[in-house]
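The values are calculated or read from the model by the stated rules, or taken from the named source; none is laboratory data. The model shown is predicted, which means the values in this text are computed figures rather than measured ones. FYI the Cβ positions are ideal-geometry reconstructions off the backbone, even for glycines, and counts take in every protein chain you see.
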Amino acid sequence: MNTRFKPEQILERADGIAAHLGRENIRDSIVTALYSRAESIAARVVKQGTARQPDWDRKLDNIITSKLLGYPLMLALLGIIFWITISAANIPSQLLARLLFGLEDLLSALLITAGAPVWLHDLLLQGLYRTMAWVVSVMLPPMAIFFPLFTLLEDLGYLPRVAFNLDNLFKKAGAHGKQALTMCMGFGCNAAGVISCRIVDSPRERLIAILTNNFSPCNGRFPTLIALATIFMGGLVTSAYRSLTAATVVVGTILLSIAMMFFTSWLLSRTILKGVPSLFTLELPPYRCPRVLQVLVRSLLDRTIFVLARAVIVAAPAGIIIWILANIEFNNLKPLNFLAGWLQPLGMAIGMDGYILLAFILGLPANEIVLPILLMCYLSTCTLTEAGSLADLSTLLIQNGWTWLTAFCVMLFSLMHWPCGTTLLTIFKETRSLKWTLLAAVIPTICGVAVCFLFKQIAALLEVI
């Protein structure tokens, strides 16, 4: 009997199946049928002994990818990684800072011996070198901890489970399920997160992932978030609950930033990057023992050193610009103070001040130097400065008019503003387009300004300022 169909008959049958199942479920139905058929064939031809090995992969997946426990386990595991990164990076960061800043005296002596004029000595030492030392000492230890931990999860086989859990949420936002992986990578460094967007096959969805990756808070923003939450939000309660309150506030602001990522992805997928989310079949790989040595080498060389090198390249000229703005004068007025006064109205409208906005702008090379620049502005030290302790930082900020509202708006704006210079450079290299690079800076900035403005207005309406 001839069972061949004409092309129009095949299309007609396909339309009928689509109408019955729903177009979004067709691919899942096909994949399910293929695997069911493969399992039935394997059951007929494969003979198993009586001592059957337990299927640990399936048992673990029933827990890790379940609707009840999947999300809590995912948040708990990522929270543990963040906690290890932040806690373990403190001492190495301090030691590295002491080492790098301790070399200033030696470099100063070399410049003086070489006969460098005073202005050149200060420009190279306090501008160029000190800025790079700040970036290296703050960025290197967290990245050297976070990237290996993240890569271990990848090698273990857990990250595909994260993508499986978040696939439905990203699909509803008009994005690709693999964006869950690029989002997680952005927690370590947004530049690395942008590079990881290469795993998204669709050019449209890859652009969505690139444009919204900045909403993942990188490790450079965590020191500021933790310090401000501890000083202002933790200070609102007794000492017994201070750490818990500060941690809750930090987690809450991060979740708000991630919610903005979903909203922005949804908005882009229905406007300038309109299209139907592409479907992909995610075959969960078996769990395996991580190759620790290979993971360490790959994460340190391919990710940590690569991203750090780009950060230093961008930070070097910025250090020179910051020093010039803080030291030259026109009619007894420093450009730093003039720019801060010009930005004051906008800063006040969104719950901050002109110096804070200026610190964010001058901190374009790396988020790590935003707070040091702000301290430099408040103290008029003409060079990057670090507060001696949280108590000193608290006193200084309160003396300059900070309240809990100021601190919270700074935290929100830190999470939602333009990407750092390293990330912008990476976006340009990945997209080869100035338009998309500028858009990647404009989108989070508009969100940050809008969220801070709305939050201040709500606080004023409730009279809790």
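Would you be able to say whether some residue in region 66-73 is in contact with a Pro (Cβ under 7 Å, 6 or more places away or on another chain) and either assigned to a helix (DSSP H, G or I) or under 24 Å from V250 (Cβ atoms) (or both)?
Quick first cut of region 66-73, residues in contact with a Pro (Cβ under 7 Å, 6 or more places away or on another chain) only: none.
No, because not a single residue in region 66-73 is in contact with a Pro (Cβ under 7 Å, 6 or more places away or on another chain) and either assigned to a helix (DSSP H, G or I) or under 24 Å from V250 (Cβ atoms) (or both).
A Cβ distance below 7 Å, combined with a sequence gap of six or more or placement on separate chains, defines the contacts here; from region 395-411, residues that are within 22 Å of T253 (Cα to Cα) reach residues that are buried (at least 18 other Cβ atoms within 10 Å of the Cβ) and charged (D, E, K, R) in the pairs L405/K456; C409/K456. Selection within region 434-445: residues that are without any contact (Cβ under 8 Å) to a residue 40 or more places away in the chain and surrounded by 13 or more Cβ atoms within 10 Å (Cβ to Cβ). The member of this set that is farthest from L207 (Cα to Cα) is T445.
Taking first residues from region 113-130 that are touching a residue at least 24 places away in the same chain (Cβ under 8 Å) and closer than 16 Å to L325 by Cα and partners that are buried (at least 18 other Cβ atoms within 10 Å of the Cβ) and of a type in the set (V, I, T), the Cβ contacts under 7 Å between residues at least 6 apart in sequence or on separate chains come to Q126/T383; G127/I322; R130/T383.
Condition check ((1) at pLDDT 85 or above; (2) crowded, with 20+ Cβ neighbours inside 10 Å; (3) assigned to a helix (DSSP H, G or I)) across all residues:
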position	(1), (2), (3)
A89	no, yes, yes
S93	no, no, yes
R98	no, no, yes
F101	no, no, yes
D105	no, no, yes
S108	yes, no, yes
P142	no, yes, yes
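Do the conditions hold for L152, that is, is it more than 26 Å from V292 (Cβ to Cβ), in contact with a helix residue (DSSP H, G or I) (Cβ under 7 Å, 6 or more places away or on another chain), in contact (Cβ under 8 Å) with a residue 60 or more places away in the chain and not hydroxyl-bearing (S, T, Y)? Answer is no for this residue.
Consider region 225-244 and keep the residues that are more than 15 Å from T85 (Cβ to Cβ) and at pLDDT 75 or above. The one that is surrounded by the most Cβ atoms within 10 Å (Cβ to Cβ) is L228. Flag: W83 matches the condition of being at pLDDT below 75, over 19 Å from E368 (Cβ atoms) and part of a helix (DSSP H, G or I). Among the listed residues L301, L255, L308, L293, identify the single one that is loosely packed, with under 12 Cβ neighbours inside 10 Å, modelled with pLDDT under 75 and not in a loop (DSSP other than H, G, I, E, B). That would be L301, the only listed residue that is loosely packed, with under 12 Cβ neighbours inside 10 Å, modelled with pLDDT under 75 and not in a loop (DSSP other than H, G, I, E, B). Of all the criteria given as (1) buried (at least 23 other Cβ atoms within 10 Å of the Cβ); (2) more than 24 Å from I80 (Cα to Cα); (3) in contact with an Asp or Glu (Cβ under 9 Å, 6 or more places away or on another chain); (4) not polar (S, T, N, Q), the one not satisfied by I208 is (3). Do we have L424 as assigned to a helix (DSSP H, G or I), over 22 Å from the mean Cα position of the chain (by Cα) and crowded, with 20+ Cβ neighbours inside 10 Å here? Taking the combined requirement at face value, the residue does not satisfy it. Within region 450-465, if we keep just the residues that are touching a Leu at 6+ places or on another chain (Cβ under 8 Å) and closer than 21 Å to A359 by Cβ, the residue that is surrounded by the fewest Cβ atoms within 10 Å (Cβ to Cβ) turns out to be F455. Quick check: is even one residue across region 144-151 of a type in the set (G, A, S) and part of a helix (DSSP H, G or I)? Yes; the residues of region 144-151 include at least one that is of a type in the set (G, A, S) and part of a helix (DSSP H, G or I).
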